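The values are calculated or read from the model by the stated rules, or taken from the named source; none is laboratory data. Given the structure is predicted, the values throughout are model-derived calculations rather than measurements. Cβ atoms come from the backbone with ideal geometry, glycine included; neighbour counts cover every protein chain shown. The area values use the complete protein model at the heavy-atom level, side chains included, leaving out ligands, DNA and RNA. Shrake-Rupley method; radii C 1.70, N 1.55, O 1.52, S 1.80 Å.
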Amino acid sequence: MAANPSASPVSGIDRVVRGACPHDCPDTCALNVTVRDGVAIRVAGDPAHPPTNGVLCTKVSRYLERTYSTDRLSRPLRRVGPKGAARFEPASWDEALDDIAARLRAVAARDPQRILPYSYAGTMGLVQGDGMGQRVFHALGASLLDRTICSSPGMHGLAYTLGGAVGMDVERFADAGLILIWGSNPITSSVHFWALAQQAKRRGAKLVAIDPYRSATAERCDVHLALRPGTDGALALGLVQQLVEQDLVDRDWVDAHTLGYDGLVARAAAWTPRRVAATCGIDADAVVALARDYGTIAPAAIRLNYGMQRVRGGANAVRLVAGLPALIGAWKHPAGGMLLSASGHYNLDVAAWQRPDLLAGRRPRTINMSTIGDALLRVDPPVEAIVVWNS
């Protein structure tokens, strides 16, 4: 957060500090925080920020309770008993930092690769969450961490299919005629998208939830397809087969803007509604009906989320879903297409805050966070110190 120099005092000594929500959520809300004598007294969504529109989720709207909770750890604690005994004593910041630095210095003297940083998305701030820690460990020459635990399959799927993590403008969903909410529960995890979907529904749009779980979102959609976990790719192949079968493919758009159409059609040909139904655990008629709706209701939009790509074959499942809008020419419409991540639209200079130049030519090994257990048992030289933060 940073103070807004142009903010006028609300009353006497009050001022409004503008900031952004640090959580790992697609909404990326803008915050207005009222501060009095250095203490935040109110947090609210910024009404001038269109996606936020003055509304915050329940968690962040009560952020003051978390920030000033007496249960929150506010000073270092040093373990004084055996691991697992939960015996700690307070330490000053100087004591804690000196102790940690001394231990890391000793390990680094043997081989800095014996130090492993571990972080992910406790805060999504580019400096605090994704910058200062990397600078420290780049300077040390510590092992690198491949941060794969959340979205890597989906990001690779998007890159292969669309060229990067790109997609629709989320605000355009309000103008869609059909919205497939695929592997997402926006009532819980993307409240502002759900508001846009409700706008579309009030204008006559049809909402379809594709999710193994009957979530609060699925309960409020017009159709819920409760497919078996991990079978999203099979459903997408079935939709391809039916779009071809029902002559709903926009061949002019496909021929002008895509590659690989014939191969995809050949691959999907075996995925008849009956086979998809047996694989996914849904009715064959539902596959036929969904393809018909997707090919005839325009604009058609897909809001994809990350749950479906956290399985074997998840990247290919994302590729298949991401390819569907091209088959019907949905990208011709501002309110058509699909969205998983829009991070590729922003040309961020990652090196500016992570500073890989501090490695100074060294090439430390990379350890995959998703297989860290195997690494701790098998890598050579062994990991002697793990520094966990922001995770």
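Odds and ends about this structure:
- Take the conditions (1) within 24 Å of N316 (Cβ to Cβ); (2) within 28 Å of the chain's Cα centre (by Cα); F173 misses just one of them, which is (1).
- Selection within segment 29-56 - among the small types (G, A, S), on the phi > 0 side of the Ramachandran plot and touching an Asp or Glu at 6+ places or on another chain (Cβ under 9 Å): G54
- Residue in segment 296-313 that is open to solvent by less than 30 Å² (accessible area, probe 1.4 Å), within 30 Å of Q246 (Cα to Cα) and part of a helix (DSSP H, G or I) present: yes
- Applying the set (1) open to solvent by 20 Å² or more (accessible area, probe 1.4 Å); (2) among the aliphatic types (A, V, I, L, M); (3) under 15 Å from the mean Cα position of the chain (by Cα); (4) modelled with pLDDT of 90 or more to L126 leaves exactly one unmet item: (4).
- Residue in segment 98-117 that is part of a loop (DSSP other than H, G, I, E, B) and touching a Gly at 6+ places or on another chain (Cβ under 7 Å) present: no
- Elements of type strands (runs of 3 or more DSSP E) in segment 1-67, at least 2 residues being open to solvent by less than 30 Å² (accessible area, probe 1.4 Å), out of contact with any helix residue (DSSP H, G or I) (no Cβ under 9 Å at 6 or more places or on another chain) and modelled with pLDDT of 90 or more: 14-20, 30-36
- Filter pass, A268 being over 31 Å from the mean Cα position of the chain (by Cα) and farther than 25 Å from A342 by Cα: no
- L359 falls short on exactly one of the conditions (1) open to solvent by 50 Å² or more (accessible area, probe 1.4 Å); (2) of a type outside the set (V, I, T); (3) over 25 Å from the mean Cα position of the chain (by Cα); (4) more than 25 Å from V191 (Cα to Cα), and that condition is (1).
- Single residue of segment 348-391 satisfying the filter (in a loop (DSSP other than H, G, I, E, B) and among the acidic types (D, E)) that is modelled with the highest pLDDT: E384
- Residue in segment 141-158 that is in contact with a Cys (Cβ under 7 Å, 6 or more places away or on another chain) and surrounded by 22 or more Cβ atoms within 10 Å (Cβ to Cβ) present: no
- Check on A278, more than 12 Å from G154 (Cα to Cα), among the small types (G, A, S) and buried (at least 24 other Cβ atoms within 10 Å of the Cβ): no
- Enumeration of residues in segment 81-91 that are loosely packed, with under 10 Cβ neighbours inside 10 Å and either on the phi < 0 side of the Ramachandran plot or basic (K, R) (or both): P82, K83, A85
- Tally, over segment 334-347, of residues that are crowded, with 16+ Cβ neighbours inside 10 Å and part of a helix (DSSP H, G or I): 1
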